[in-house]
Amino acid sequence: MIVVLRAGIPASEVERLREVLRGEGYECEFESVLQEQFLVCRSVSGAPPADAVSRLMASEWVTKVFAQETRYPRIGIERGGSRSRVAAGNLQFGRGEFGMIVGPCTVEDEATLLEIARFAKTIGAGGLRGGAYKPTTSPYSFQGHGQAALKMLERAREETGLAIVTELIDVRLVEQAACAADVIQIGARSMQNFPLLREVGQAGKPVLLKRGMGCKIHEWLCAAEYIADAGNERIVLCERGIRSFDDATRACLDVSAIPASQSLTHLPVIFDPSHASGNRNLVEALALAGTAAGADGVMIEVHPHPERAIKDGAQSVNFEQMSRIAKKIWAMRENGLVAEVGLEPTTPRV
């Protein structure tokens, strides 16, 4: 924020204005350029002031106030001088780290889950996804095994060391999910469940926040700000496709959202080609497109026998397909064939 002062302002008034701004959470420097005098102010907390502008304009010595407002000061690109890295064990995102999360849409049984987890380790994935609680459009659809599924995920972590990523849909289950998960996922349907966002912000675990199906990027970032404002900036954003007029795919993967959001926030940005496509035959192409766009990670649904999956078998790739996708993704990154956006390169230079 820049406060333009009248010529001849007394030193005592300058100090009074600085005291007002300090009370609003600003640090201020007095500057004089030619005949103009200014207070150049920076918010310490990142939170926008409630009434600083009106209080400043009440002074006869203030002519104008230029306040750069942002709806997400804690996660905005202006905060700090580097991109954030979010880690949960060997699963890492940002500052050159690419996190790969694979697993079934929903946890079906322990044997299948362990088979997928063991496979995930062989392809270099750091995270295992699996739904214990599933939000469904129809109240009669399968909605997960709940607590039993969380126990299965914990056993998979014990054996493989993979970080567990699972979705939370109910504010009453925050503590339960936080005990089992290494990363708490907030799905597209819950992106603007603000009480839930505040609760996970206090849960002490990294949060993977998916973009809502009909939400703009700034709405997505404002949702992340709710989590950050509750005390947790270990947030990973996930583009998962938005609704459009076309029904050729389940959703429209907004590849442009990856570099666009990276230019607005210091948080890592990943993507989910499975939910975007709804078709396993399209997942590879979208996975490579998102990687090339500079994403910090990817989440892909995998099942040993997609045709037998309880949920979302049509968009789940089998082990052979996932092995091929993973090899191509790692090769692209090793050869620097990805875009570089924002504060720092998203991949090491070659």
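Looking at the stretch 198-239 only, could you name the residues that are assigned to a loop (DSSP other than H, G, I, E, B) and aliphatic (A, V, I, L, M)?
Across the stretch 198-239, the qualifying residues are 203, 213, 230.
Take the residues in the stretch 240-251 that are in a loop (DSSP other than H, G, I, E, B) and in contact with a helix residue (DSSP H, G or I) (Cβ under 9 Å, 6 or more places away or on another chain); name whichever of them is farthest from residue 72 (Cα to Cα).
Restricting attention to the stretch 240-251, the residues satisfying the condition of being in a loop (DSSP other than H, G, I, E, B) are 240-241, 243-251.
Now restrict to residues that are in contact with a helix residue (DSSP H, G or I) (Cβ under 9 Å, 6 or more places away or on another chain): 240-241, 249-251.
Numbers: 240: 21, 241: 22, 249: 32, 250: 30, 251: 27 Å.
So the residue we want is 249.
When the residues of the stretch 258-287 are narrowed to those that are of a type in the set (Gly, Ala, Ser) and buried (at least 23 other Cβ atoms within 10 Å of the Cβ), which ends up farthest from residue 323 (Cα to Cα)? So that I can check it myself, show each step before the final result.
The first filter runs over the stretch 258-287 and keeps only residues of a type in the set (Gly, Ala, Ser), leaving 260-261, 263, 274, 276-278, 285, 287.
Filter once more, so that each one left must be buried (at least 23 other Cβ atoms within 10 Å of the Cβ): 261, 274, 276-277, 287.
Values: 261: 29, 274: 15, 276: 20, 277: 19, 287: 12 Å.
Here the answer is 261.
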* Structure fact -> Taking the stretch 107-156 and keeping only residues that are hydroxyl-bearing (Ser, Thr, Tyr) and either closer than 20 Å to residue 324 by Cβ or surrounded by 24 or more Cβ atoms within 10 Å (Cβ to Cβ) (or both), one is left with 122
* Restricted to the stretch 282-312, and to residues that are more than 23 Å from the chain's Cα centre (by Cα) and part of a helix (DSSP H, G or I), which residue is nearest to residue 239 (Cα to Cα)? -> 282
* Is it the case that some residue within the stretch 2-11 is under 22 Å from residue 222 (Cα atoms) and either β-branched (Val, Ile, Thr) or at pLDDT 75 or above (or both)? -> no
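The values are calculated or read from the model by the stated rules, or taken from the named source; none is laboratory data. Model, not experiment: these values are computed from the prediction. Cβ sites come from the backbone with ideal geometry, for glycine too, and all protein chains shown count toward neighbours.
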